[in-house]
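Below is one structure, written out as structure tokens; comments come after it.
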Amino acid sequence: MQTHYPHAYILNVVAKDRPGIVAAISKAVVDYKGTIDTCSQTVVAEFFTLIMVVSFPQPLAEEKFSRAITDPADSKAGVHVHLRPYEPGALAGAAAEGENFVITAFGANQAGVVLRFSRYLADRGININDLYGTVADGQFILVGQVRVPNRWDIRMLQADLEQLAGEIGHTVRLQHENVFFATNQLRLPRFRPVERRSIG
């Protein structure tokens, strides 16, 4: 991914969720003349978590920038900031030449479901770009956007996944992301293209 400015950083923030965290982070970026090149944010179990690529025209004073986000005068302290230089790169090997698919699985909530599916994907060089899991009415629901290398036969992967899911009483489906979004009214904003333009 190409950043807007030459000095780019990975910014990760975790905090007890409350209104205004994104605004505080965005203000710090703007105050330092920077821009947000890409970001992903969610709330899990009442905890806010965000990861961004931010870039600046000049090298950043990292500790000072972090303090601008974790203002000690803030009565709702507990914001944890991790900042590191961004080193652009691409997915290794055939994964970079693949296509994005959406895997959906649901079934009885039990230990090891995520491990079972993620291990299968990892063993085949299939990268997980985005992952969401939750429990509703005793059912564990898993939705993931994955990058499937071109060398794999999708019908074979689907058959393997169905067998894997059947062993634990789950239902699973693998669809190209274009088909998934075209055939489901549910739109998942967390699933965005890997390449993103500068947004702030």
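The values are calculated or read from the model by the stated rules, or taken from the named source; none is laboratory data. Quantities reported herein were computed from a predicted structural model and do not represent experimental measurements. Neighbour counts run over all protein chains shown; Cβ positions are idealised from the backbone, glycine included.
Looking only at the range 50-70, count how many residues are in a strand (DSSP E or B) and surrounded by fewer than 17 Cβ atoms within 10 Å (Cβ to Cβ).
Final tally of qualifying residues: 1.
So which residues in the range 58-70 are within 16 Å of Ser26 (Cα to Cα) and either touching a residue at least 40 places away in the same chain (Cβ under 8 Å) or small (Gly, Ala, Ser) (or both), if there are any at all?
Matches in the range 58-70: Leu60, Glu62, Ser66, Ala68, Ile69.
Exactly one condition in (1) modelled with pLDDT of 95 or more; (2) assigned to a helix (DSSP H, G or I) is not met by Tyr9; state its number.
Tyr9 satisfies all of (1) modelled with pLDDT of 95 or more; (2) assigned to a helix (DSSP H, G or I) except (2).
Name the one entry in Ser66, Ser55, Ser75 that is at pLDDT 95 or above, out of contact with any Lys or Arg (no Cβ under 7 Å at 6 or more places or on another chain) and hydroxyl-bearing (Ser, Thr, Tyr).
Ser55
Filtering the range 114-135 down to residues that are within 15 Å of Asp160 (Cα to Cα) and touching a strand residue (DSSP E or B) at 6+ places or on another chain (Cβ under 8 Å), which residue is surrounded by the most Cβ atoms within 10 Å (Cβ to Cβ)?
Phe117
Condition test on Val30, is it part of a strand (DSSP E or B) and over 23 Å from Gly133 (Cβ atoms)?
no
Given the conditions (1) in contact (Cβ under 8 Å) with a residue 12 or more places away in the chain; (2) surrounded by fewer than 13 Cβ atoms within 10 Å (Cβ to Cβ); (3) basic (Lys, Arg), which single one is not true for Arg155?
Condition (1) is where Arg155 drops out.
Search the range 2-31 for residues that are touching a residue at least 12 places away in the same chain (Cβ under 8 Å) and assigned by TED's automatic domain parsing to the domain that holds Val81 and pair each with any residue that is exposed (fewer than 15 other Cβ atoms within 10 Å of the Cβ) and acidic (Asp, Glu) when their beta-carbon atoms are under 7 Å apart and the residues are at least 6 apart or on different chains.
Pairs that qualify, where the first residue is touching a residue at least 12 places away in the same chain (Cβ under 8 Å) and assigned by TED's automatic domain parsing to the domain that holds Val81 and the partner is exposed (fewer than 15 other Cβ atoms within 10 Å of the Cβ) and acidic (Asp, Glu), are Lys16/Glu46; Asp17/Glu46.
With respect to the numbered conditions (1) in a strand (DSSP E or B); (2) within 24 Å of Ser40 (Cβ to Cβ); (3) not acidic (Asp, Glu), which one is the sole condition not fulfilled by Gly107?
Single failed check for Gly107: (2).
When the residues of the range 20-49 are filtered to those that are of a type in the set (S, T, N, Q) and touching a helix residue (DSSP H, G or I) at 6+ places or on another chain (Cβ under 9 Å), which remaining residue is surrounded by the most Cβ atoms within 10 Å (Cβ to Cβ)?
The residue in question is Thr35.
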